[in-house]
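The structure appears right after this line, and notes come after that.
The values are calculated or read from the model by the stated rules, or taken from the named source; none is laboratory data. On a predicted model such as this, the values are computed, not experimentally measured, just so you know. Please note that ligands, DNA and RNA were not included when accessible areas were found on the heavy atoms of the full protein model with its side chains. Shrake-Rupley method; radii C 1.70, N 1.55, O 1.52, S 1.80 Å.
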Amino acid sequence: MADAGFTPMERRMTRLAEEGLGEEEIARRFRRSPGFVQRVLALARVSRRGDGRRPQALRPVERRVLKWRAEGASPSDIATRFRRHPRSIEQIERMARYKQSAP
């Protein structure tokens, strides 16, 4: 079992389990309950790589701000719609443009 990204406790518990120690003994060594050890070992088997889908690049607010800016709305006009400060809208726009430029 690859332990990339595991916490030290996860690494140690999985190594002890692979060496043949029972959950009761591992729990005793870590001063935890056997149920805790079972959960740690079960979650250590779950893939941490995700499902392979790329996350949505822009949040809905970022998409709307870019759309309205493209249509000619000023940051102060958009700010009133979102009940935010115009500087906040400018920051959202900068982050959205940065995200779009990233590969």
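The residues of the chain have, on average, 75 Å² of accessible surface per residue, using a 1.4 Å probe with all protein chains present. Within the accessible surface of the chain, defined with a 1.4 Å probe on protein heavy atoms only, the carbon and sulfur portion equals 50 percent.
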